[in-house]
Amino acid sequence: MKRRQFLKLSAASCAALAAMEFKTKGFLRPSSSYAGTKEQLPGSLGSKEITSVCEMCFWRCPIVVKVKNGKVVKIEGNPRSPSNGSRVCARGNSGIQLLYDPDRVKYPLKRVGARGEGKWTRISWNEALDEVAHNIKKVKAKYGSHALAFFDHGASAEYFREIFKALGTENYSNEPAFFQCVGPVAVAYLSTLGYIVSGTRQYVDMSNTKAILLVGSHLGENLHVSHVREFVEGLARGAKLIVVDPRFSTAAGKADLWLPIRPGTDTALLLAWINYVIQNNLYDKDFVKKNCRGFKELKEAVKEYDLKWASRICDLDQKDIKTAIEILAASRPQVVIYPGRHSAWYGKGDVQRHRCLAILAALFGAIGVRGGIYFPTPIPIGEAECLIGVEEAEESDTPLKEKFPFADPFPGSPTDEIIKATLTGKPYPIKLWGVCGVNLLQTIPNPYQTMEAIKKLDFIFSVEILPTETAIWSDIILPDATYLERYDHVYKNDELHPFITLRQPAIKPLGEARSPYWIAQQLAKRLGLSLFTCENEVAYLNSQLKEIGLSVEKLVQKGGLVTFPAKSYRDPKKGLQLPTDSGKVELYCENFADEDLDPVPKFEPTPAPPRGYARLIYGRVPVHTFSRTMNNLWLHNEWPENQVWINDEVAARLGIKNGDTVILVNQDGFKSNPIKAKVTPGIRPDVLYVAHGFGSRSPRLTKAYQKGVSDQFLITHYVEDPFMGASSHRTNFVKIIKDGKILDIPELRPLPPEIPRFEIRKG
Amino acid sequence: MNAKNGHQYAMVIDLDRCIGCHACALACRAEWQVPVPYRRNWLKRLGPEKTPYGISQTFYPGLCNHCDAPACITVCPVDPEEREFRCPDTGKTIKMAVRATYKEPFTGIVLIDKERCIGCGACVEACPYGARYLNEELDEPKADKCTFCFERIRYGEPPACVKTCVADARIFGDLTDKNSEVYKLVKKGAIRLRTKEVDLGPNVYYIGQKKDLHLLKETCAPRERTWENVKAPDRRRIIMAIAKQLRNLG
Amino acid sequence: MFRLFYFLSECFFFPPADPRRSEIWEIFCSVAKNLNLSVPTLNGLDEEFLKTEYTRLFISAPFGTIAPPYASVYLSSEGLLFQRGHDEALSFYEQAGLRLEERGEPADHLAFELAFVGHLLEERKERLLEAFLRKHLLRWYPAFHRRLLAAEPHPYFEFLARLTGEVLQKLFEEVSYEEKTIS
């Protein structure tokens, strides 16, 4: 058969082509086997099943990854798991979209051009690691170890944190989980009961309780699978539910009583309740006598707070307040006074609010019992020796934590202090940031300030799965493997049905992404640190599991999960022995008094919105994990944008209809993107609510580009909590702009004179 | 339409338990690789809104209702062909003439024969619940919808949405079995989304608080007799569908 | 002629071939002349820029990847890797009795597919080539090309993409013409 030349190339080019050695010719090689099409079972049936642990959020539900024809096709729960069984949530189901996201960072990248321009070139791993190590050494030599700071969250970050710790900086960690989230509640319970009742997990027995009090917590919209299951189970078994929330949340939809409280006055309500319980002898006298210290001081301190006063301050019906506390008291000791989780609300009074919750639980004797607060069960697996560089972190001469007397239990330094030091060079300069698992600009209040700080750094590097806003500001970006592509630690669950499980790779990492253990190991070598000396993850996992007679292989053979007997409740015959100074519940905190902080909670109002403004509040949605999942097509499709909840009466007065597009402007003049209004009776008139994490830019979903509003960019004013340095997130106020006109929010609920108004900074 | 002694699979969704987490929608999408923007099942968020029984915030977890008298089947223009159906439990067989979409006689599940479907979209228009979609991404467009995981239940696996439900709010079973949970719940008074105008005998039921069921029914029960707008057999529709297929192949 | 496709494959694989090299430039000019395309200006193109621009267009850009060079991204609405397009490519390789060497990239990378075209031409598997182009490569290349153009690439990359598209189109016409004349 004759072939026509469809292109007539010059002799020179033909010669050139003939002379070239093409590496691309070697891409495809002859293959002997031909698989052909096999008969397949439908859907995900007939897949290879690999047990692992989810990381679409941080609850770490055990999962089974289904692999068919070398591809992950489905993710389900591990049926052996007592916490979730075969169930995973919307995010867990959508892990495949992350795994195969074409926007993933698959290669090490180096910045070209200025920081913030977002221009990169691909480089090799060696080049990238050399560059990071070189700069770390340079900054350390020039400014000292404390000039290095690390922002961390999630499984990947844990390895790098140890590197920074071993390098000798006190800023080896800045967990937004503490400083933007659970810090205040952790301090409150640590001081009252001696352990962290609420931190990563919340040790409350909701499925066996008779009554649940939620203050602000919007269970069901924040979604931690086992926790929500326990909540639903408790309700199904007849537990009563009281919800205190300025917004009618999903939980409020299931409540026996919804108390739409004026934001910032929760402590007033709680103190009035505590007083009521004491005055009416509704507390467990025996428990208080035997196991609590400081009852006399407590009784004295709260005696002026009565229900009538609380009704006025909190803008609640007095009858409802009374009904609520009577329901809770009648259920004792099987009553869950939910400790809360995200507690960085207003700054000043946050710790005290959670102290009240702890005190109320103690008064009901609901500590260490079924249906109340319980104890975590210690799990006897060893530490992975090679993961730990140094036991104690170094402290500088002027520790950034210094002014926060209760920041000690939390690793690293408060966010705000690191940023200030980076900006001003005081008390000492910080010149290098490492970032892993934190989208700085979407997480930390006042992102404009963060950007200014980054400009001052000598070097900044990040470990990323997707190129977030932070990546645009990084000098070097290292590609992280997703949770489906790697090992991580042995995960311990120390709740009511304790177990251990582990993460293992279902497939090889995409492109040149590598597991964080490998990346950290390579970095440690270059830095001369004796860390991560175990050859690979399996080696250190085996060393941990050896203590209980297991290995990675054996654990996997057992279905990836092994349970332990629980030690959650106290022995009723023995006395309560808590890890506090006195061994008892500290109703009165002496160490607070030592630091000039109130040893018994007092009500100190947080400033109310200025005239014409409403307070901006936010929450979670069950389909997203903050801004991390915004690029996930399935999840994005399920919930593409947030809306601003506006009270129906306010909306009527302002001429705003459901679905209208508006813009929000805050007290500092920062405007949001356009957002649709959700007009509803389910929110107070002095509050506007948006779901967090939206409005982040994602060109892949071009239809969704800048869809909805980023609450973060409206959170420009914050107050530091005096105990451990958390930054407040609910101290910003907004007006509505419609059709170009700025509208004042009418004040439909009069403000009591005791509550001051926020004063807007001039200029 | 069911065979004598055939089953009728049904689902009861407990809105007291449902927290609107959307896991069901995603599990279905993952199991059957349903491409965005289509969907086989969905979760709609309702409220907060005032009802005569109090302020309500609840959810509409929706899917094909596998109706007793499905409207979709009546508008399918494909000529009926006789097929033999076999009951997996008893081995009993039955012969029925069916179009490209039919109600399977032994399970009561409404299915689509992808080989015979010509992708005309009549059934999509006919369903008052909007449960069907036309997958135009395929080389040959086909109608698709929830199958109550017919393919999975044969192997003893629960439907994907039931398996993943975080709050255990979805109960699946056989209405003809008096010992089944679905039967008991329906007997106790579970409601279904039907109105005076649209009553096709849906087999998805809901239970929950009075105020929530009220909001659900008011906002989500269909009132439009959508199948009456679809004329079947519609020669124009058939010709257009076949022409489209020929274009795609060429 | 088959060598031209190994050449184009090199241009789309990292690190990309440098068009300033005389023999490479010669080939481009010759092909461009055949297709009536004007050759681009190579202003501002140095080794670093070449890599940066390649990275920007095909690897990582702020928030995402501009024009991921994989069939899978364009052959389904979800735009993911390793979906239908990927399996299709693998199936074609198998039919030709070829196996992909592990190169850290999914099988449907444009560079692999161009090399595959080269193999099919070299081995004179015209029927399979016609099917590959019609059912697969030419179904996603235009969409990839459009995304690339929307990002305002350097004239060299614009030229490369256009040239490749036209070469493929011409090849297809050639092969399907022969198909028709044979059958």
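Read-outs: derived from the displayed coordinates by stated rules, not from any lab. What you are looking at is a predicted structure, and each value in this text was computed from that prediction instead of being measured. Please note: Cβ atoms are built from the backbone with ideal geometry, for glycine as well, and neighbour counts cover all protein chains shown.
Of the residues A:187, A:234, A:365, the one whose Cα sits farthest toward the positive end of the charge dipole of chain A, with +1 on the Cβ of Lys and Arg and -1 on the Cβ of Asp and Glu, is A:234. Here the peptides A:293-303, A:375-385 are ranked by packing, the mean other Cβ count within 10 Å, and the order with the highest first is A:293-303, A:375-385.
Think of it as helices only: each DSSP H run of n ≥ 4 in chain B is worth -39500 (n - 2.57), and spread over all residues that comes to -6500 deg cm²/dmol at 222 nm. Can you give the % of DSSP beta bridges in the protein assembly as shown that are antiparallel, to the nearest 5? The answer is about 60 percent antiparallel. Spatial offset of the stretch A:303-341 relative to the stretch B:116-146 amounts to 54 Å, using the alpha carbon center of each.
About the centre of its Cα atoms, the stretch A:48-99 shows a dipole size close to 140 debye [charges on the beta carbon of Lys, Arg (+1) and Asp, Glu (-1) only; nearest 20 debye].
Would you mind counting up the charge near residue C:44? Only other residues with Cβ under 15 Å from its Cβ, with Lys and Arg at +1 and Asp and Glu at -1. In short, -3. Over the stretch B:9-249, what is the percentage of antiparallel beta bridges among all DSSP beta bridges, to the nearest 5? Of those bridges, close to 85 percent are antiparallel.
Taking the Cα centre as origin and putting +1 on Lys and Arg beta-carbons and -1 on Asp and Glu beta-carbons, what dipole magnitude results for the protein assembly as shown, to the nearest 20 debye?
Numbers: 161 positive and 144 negative charges, 599 e Å.
Computed charge dipole of the protein assembly as shown: roughly 2880 debye.
The HN-Hα couplings worked out from phi for the stretch A:239-252 by the Karplus form 6.51 cos²θ - 1.76 cosθ + 1.60 (θ = phi - 60°) are 5, 7, 10, 10, 10, 9, 6, x, 10, 7, 6, 4, 4, 4 Hz, whole numbers, x standing for Gly and Pro. Remark on the protein assembly as shown: hydrodynamic radius 32.7 angstrom, per the Kirkwood mean of 1/r across alpha carbon pairs. Sort the stretch A:319-396 into rounded, prolate or oblate with this rule: let a ≥ b ≥ c be the square roots of the eigenvalues of the Cα gyration tensor; rounded if a/c is under 1.5, and if a/c is not under 1.5, prolate when a/b is larger than b/c, oblate otherwise. Oblate, because a/c is 1.5 or more while a/b does not exceed b/c.
For the stretch B:73-117, which GluC sites (Glu not before Pro) pass both filters: DSSP loop (anything but H, G, I, E, B) and at most 10 other C-beta atoms within 10 Å? Please list the in-between numbers first.
Details: sites: B:81, B:82, B:84, B:115; in loops: B:115.
Here the sparse-neighbourhood loop sites are B:115.
Decide, for chain B, between rounded, prolate and oblate: order the square roots of the alpha carbon gyration tensor eigenvalues as a ≥ b ≥ c, take rounded if a/c falls under 1.5, and otherwise choose prolate if a/b is larger than b/c, else oblate. Here chain B falls in the prolate category.
Hydrodynamic analysis of the stretch A:496-617 uses the Kirkwood radius over alpha carbon pairs. Inserted into Stokes-Einstein at 4 °C and 1.567 mPa s, it gives a translational diffusion coefficient of 61 µm²/s.
Other protein chain C-beta atoms within 10 Å of residue C-beta, averaged over A:80-87: 3. If you take the alpha carbon atoms of the stretch C:2-182 and fit the smallest convex hull around them, that volume is 121 Å³ per residue. If the viscosity is 0.692 mPa s and the temperature 37 °C, what translational diffusion coefficient in µm²/s does Stokes-Einstein give for the stretch A:372-415 when Rh comes from Kirkwood over Cα pairs? The estimated diffusion coefficient comes to 236 µm²/s. Using the Kirkwood radius over C-alpha pairs as Rh, can you work out the diffusion coefficient of the stretch A:600-669 via Stokes-Einstein at 4 °C, viscosity 1.567 mPa s, in µm² per second? The diffusion coefficient I find is 83 µm²/s. Percent of C-alpha pairs per 5 Å bin in the stretch A:48-99, short distances first: 5, 24, 34, 25, 9, 2, 0. Ellipticity at 222 nm from helices only: DSSP H runs of n ≥ 4 in chain C, each -39500 (n - 2.57), divided by the residue count, give -18500 deg cm²/dmol. Between residue A:553 and residue B:135, the simple label model (points 7 Å from Cα in the Cβ direction) yields a spacing of 4.2 nm. Distances between placed amide hydrogens fall under 5 Å for residue A:644 paired with A:676, A:677, A:678, all partners being 5 or more residues away or on another chain.
Rg over Rh of the stretch A:614-743, using C-alpha atoms and the Kirkwood radius, what does it come to? Walk me through the intermediate numbers first.
Values: Rg = 14.8 Å, Rh = 15.2 Å.
The Rg/Rh ratio comes out at 0.98.
Rounded to the nearest 10 degrees, the angle from helix A:225-236 to the longest Cα principal axis of chain A is 40 degrees. When shorter helices are ignored and each DSSP H run of at least 4 residues is given -39500 (n - 2.57), the per-residue value for chain A at 222 nm works out to -7500 deg cm²/dmol. Ordering B:94, B:214, B:30 by the projection of their Cα atoms onto the charge dipole of chain B, which places +1 on the Cβ of Lys and Arg and -1 on the Cβ of Asp and Glu, puts B:214 at the extreme positive end. Using Cα centres only, tell me the gap between the stretch A:53-74 and the stretch A:590-626 in whole Å. Taking the Cα centre of the stretch A:590-626 as reference, the centre of the stretch A:53-74 is 37 Å away.
I'd like to compare A:453-460, A:92-99, A:716-723: which one has the highest average count of other Cβ atoms within 10 Å, and what's the full order after that?
On the way: A:453-460: 19.0, A:92-99: 26.8, A:716-723: 21.1.
For the peptides A:453-460, A:92-99, A:716-723, the packing ranking is A:92-99, A:716-723, A:453-460.
For the stretch A:342-431, trypsin sites (Lys or Arg not before Pro) are listed when DSSP marks them as loop and at most 16 other Cβ atoms sit within 10 Å of their Cβ; the list is A:370, A:403.
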